[in-house]
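What follows is a single structure, written as structure tokens, with notes after it.
The values are calculated or read from the model by the stated rules, or taken from the named source; none is laboratory data. Bear in mind the structure is a predicted one, so any value in this text is a computation, not a measurement. In this analysis, Cβ positions are derived from the backbone assuming ideal geometry, glycine residues included, and neighbour counts consider all displayed protein chains.
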Ligand code: BG6
């Protein structure tokens, strides 16, 4: 386990939806690791809230089981688990009802010391965000140091997101609203900023003069994992592109901020969002692809199709989306950004590929072989790393022969430490009151506006998802999206 870190200020961390999947699978393990690294003060507490009537001990038991399930045995330390469990409390509250009796029990769990940080984490259905915030206020548990954390999705389009933001904003000021996008907490995503702004090498080339195109792929092998009800209403565009992809694209394309100050980063990101060209109706068929997986096989194992996972219910929801996007500004004019995400793809892997332009003139002659353009691959997961392909002379006599070989940085090999989960960093940032890796309201609004144009186009054209076999890279149109431009997706390990 890592060395002892600087402690964050004392806090009470209240998780609404405390017995839900997100809380048990992601939040509690993340907090456990922060405990193990010594980041929590003695008097910091974690309080689960849900409607289930149960005791704090029963809740602790749920946490023990979650830690056993989601944390490798070698990283489960009995003494740390004991310490962690001592912080845990539980209150059964109908959080949408300020008059619910449970609020008094919750209030009794909360430390009344003035100035102590209070975090309200809403790991619930977003439909409840407004009502829960009002109840927090009306039930009298709101303090000046209270923060609220909102999980995605914030709404399902621009109008509904505005309604949620208005409701939450009526209770919490913007600087105390933390809209989480866990991709921003990923080590590799933060490293994108370090790569760009911590090295003199890349930034001069990071523009349309040198970059031919950019690809962002998030491929998953999983299906909808029992989240069919939510997923079928969302689809890949809303589930992944509206948030994670837009954020990755912003970090990739933004101008260097003056500092990492929260508003400087977010001011730069919003400029990218506003420069993102809307994909209007006439361009929808050309620049977007929707797919839905049918039964197939992944790693030799048969897997059911999407419709089968929905128990046969018919659905026009996309489980894959590919988009050719453009950023209309001086830096990126004419450089396509190809975005692609899908479930039930052949391998799990997320990466950003920056394909540079070819050299302007070949001095080597035909016999030396093709001079391939440089390519920078930022691998987000798994096996985080950075790979830069460069042309090299193949050793030996007999004339010059060239080959593209990679300069390879593997995080696992270079940094032996465990790579923390995205939530670990983000949860502590909430306590610290640092919102730089969270989405500001105007970002959510601008992202939805871009997404809405696509979704409306699909609806108007009645553009249904094309089938693709589970375990494939998607329908042929996804390959054609690039082939038309004389390019192809970077699939697999070349
Ligand atoms: C979530 C989506 O936001 O991100 C899921 O709702 C998706 O559908 C997940 O599986 C992917 O996250 P990660 O961290 O596994 O890449």
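Descriptive notes on the structure:
- Subset tally (residues that are touching a strand residue (DSSP E or B) at 6+ places or on another chain (Cβ under 6 Å) and assigned to a loop (DSSP other than H, G, I, E, B)) for the stretch 199-236: 2
- If only residues of the stretch 128-152 that are within 16 Å of the ligand (Cβ to nearest atom) and over 18 Å from residue 116 (Cα atoms) are counted, the one that is farthest from the chain's Cα centre (by Cα) is 150.
- Verdict on residue 249 being in a helix (DSSP H, G or I) and closer than 23 Å to residue 410 by Cβ: no
- If you check 168, 148 for being under 26 Å from residue 245 (Cα atoms), assigned to a helix (DSSP H, G or I) and at pLDDT 95 or above, only one passes: 168.
- Among residues of the stretch 86-97 that are farther than 17 Å from residue 123 by Cα, those with a beta-carbon under 8 Å from a residue that is assigned to a loop (DSSP other than H, G, I, E, B) at least six positions away or on a different chain give the pairs 87/40; 87/44.
- Test: residue 405 is assigned to a loop (DSSP other than H, G, I, E, B), over 20 Å from the mean Cα position of the chain (by Cα) and either away from the ligand (no atom under 16 Å from the Cβ) or touching a residue at least 12 places away in the same chain (Cβ under 8 Å) (or both): no
- Selection status of residue 384, crowded, with 16+ Cβ neighbours inside 10 Å, modelled with pLDDT of 95 or more, farther than 17 Å from residue 246 by Cα and touching a helix residue (DSSP H, G or I) at 6+ places or on another chain (Cβ under 6 Å): no
- Qualifying position, being buried (at least 17 other Cβ atoms within 10 Å of the Cβ) and in a helix (DSSP H, G or I), among 354, 323, 284: 284
- In the stretch 218-235, the residues that are over 21 Å from residue 123 (Cβ atoms) and without any contact (Cβ under 8 Å) to a residue 12 or more places away in the chain form no Cβ pair under 8 Å with any partner that is more than 10 Å from the ligand (Cβ to nearest atom) and part of a loop (DSSP other than H, G, I, E, B), whether six or more places apart or across chains.
- Among residues of the stretch 374-399 being touching a strand residue (DSSP E or B) at 6+ places or on another chain (Cβ under 9 Å) and over 18 Å from residue 411 (Cβ atoms), the one that is nearest to the ligand (Cβ to nearest atom) is 375.
- With respect to the conditions (1) away from the ligand (no atom under 16 Å from the Cβ); (2) surrounded by fewer than 18 Cβ atoms within 10 Å (Cβ to Cβ); (3) part of a loop (DSSP other than H, G, I, E, B); (4) touching a residue at least 24 places away in the same chain (Cβ under 8 Å), residue 259 falls short on a single one, namely (4).
- All positions within the stretch 238-252 that are within 19 Å of residue 288 (Cβ to Cβ) and away from the ligand (no atom under 12 Å from the Cβ): 246, 249
- Which numbered condition residue 24 fails, given (1) in contact with a strand residue (DSSP E or B) (Cβ under 7 Å, 6 or more places away or on another chain); (2) surrounded by 15 or more Cβ atoms within 10 Å (Cβ to Cβ): (1)
- Matching residues, the stretch 214-232, being away from the ligand (no atom under 12 Å from the Cβ) and buried (at least 19 other Cβ atoms within 10 Å of the Cβ): 214, 215, 216
- Check on residue 266, over 23 Å from residue 377 (Cα atoms), within 13 Å of the ligand (Cβ to nearest atom) and under 19 Å from the mean Cα position of the chain (by Cα): no
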